[in-house]
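First the structure, in the form of structure tokens, and then the observations on it.
The values are calculated or read from the model by the stated rules, or taken from the named source; none is laboratory data. Computed from a prediction, not measured in an experiment: that's the story for all the values here. With ideal geometry, Cβ positions are generated from the backbone for all residues, glycine too; neighbour counts draw on all protein chains shown. All accessible areas refer to the heavy atoms of the entire protein, side chains included, with ligands and DNA or RNA removed. Shrake-Rupley method; radii C 1.70, N 1.55, O 1.52, S 1.80 Å.
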Amino acid sequence: MDTPLPSGSDSDSEESLVTDRELQDAFSQGLLKPGLNVVLEGPKKAVNNVNGLKQCLAEFKRDLEWVERLDVTLGPVPEVSGPQTTPQNKDRKAVDPEDDFQREMSFYRQAQAAVLAVLPRLHQLKVPTKRPTDYFAEMAKSDQQMQKIRQKLQAKQAAMEKSEKAKQLRALRKYGKKVQTEVLQKRQREKAHMMNAIKKYQKGFSDKLDFLDGDQKPVAQSSKGGAKGQQMKKGPNAKRRYKNQKFGFGGKKKGTKWNTRESYDDVSSFRAKTAHGKGLKRPGKKGSNKRPGKRTREKMKSRAR
């Protein structure tokens, strides 16, 4: 009988089985290079070595009194305002570990319960729970370290004060420059106002001399109509009036040397001895001995030649 030939699917499966076996053998021998295959590790199994744990506990366990250990295992303090908790409510009000506030409050309440339970017990054992008034505790850091810290803080404070002073100086400089510019601008405005007032006074548009005082506020410029009205007024202008005020009014110029009845009758200033050149002559002066003029002297020289 002829043996049946194996089908194509059977041959492929046998080849795949052979190749898998070869890969496993090569992996066990360490012939495969890393990176070509990925090793999938299964979940680790937790080992509950009870004997080993008991042995470790026996090594560091010590039979000490409670005062040396101070170990307490209590639950949190019950809420005073709320109702008494039942097992069902307790399951509902379990602490959410993701809520920071709730978690910290549970720690606080548990610590409070421990303190309330331990304090009476310590008082019974006559263990002091408060620090005495004359208690002296050594500092954790040495004096040298504290001195370094003090110096560093002083240097930092000095640097901050120096920077503040520099800021204040810069602000004062800015303020001084601002004030100086304002003063210069004010002087320029006052000067321009005075020059305008002088020009108006010279042209007769104004008869006020208040700008000479220097402390008067600038007066608003008058309109053209008002200036023309002042110029059309009768009488002397402002310039003439200012000169009359400064130098005085001369009055009548003609006929000032004419005699009047009063001056003719007044002979109180008459002196007979000095009248008509008959008075006493001063020594050293001669009226007739006068030096001739230049032209006269030249004529006299020409005649003598």
Please go through the stretch 94-130 and give me each residue that is assigned to a helix (DSSP H, G or I), open to solvent by 80 Å² or more (accessible area, probe 1.4 Å) and not hydrophobic (A, V, I, L, M, F, W, C), ordered by number.
100, 104, 108, 110, 121, 123, 124
So is residue 186 within 51 Å of the chain's Cα centre (by Cα), modelled with pLDDT of 85 or more and part of a helix (DSSP H, G or I) or not?
yes
For the stretch 195-208, enumerate the residues that are open to solvent by less than 70 Å² (accessible area, probe 1.4 Å) and within 48 Å of the chain's Cα centre (by Cα).
197, 198
Please name all residue pairs, on different chains or six or more residues apart, with Cβ atoms under 8 Å, provided the first residue is in the stretch 192-208 and is closer than 11 Å to residue 239 by Cα and the second residue is of a type in the set (D, E, K, R) and open to solvent by 60 Å² or more (accessible area, probe 1.4 Å).
201/207; 201/208; 201/239; 202/239; 204/239; 206/200; 207/241
So for the stretch 135-150 (the condition being outside any loop (DSSP other than H, G, I, E, B), at pLDDT 90 or above and open to solvent by 100 Å² or more (accessible area, probe 1.4 Å)), does at least one residue qualify?
yes
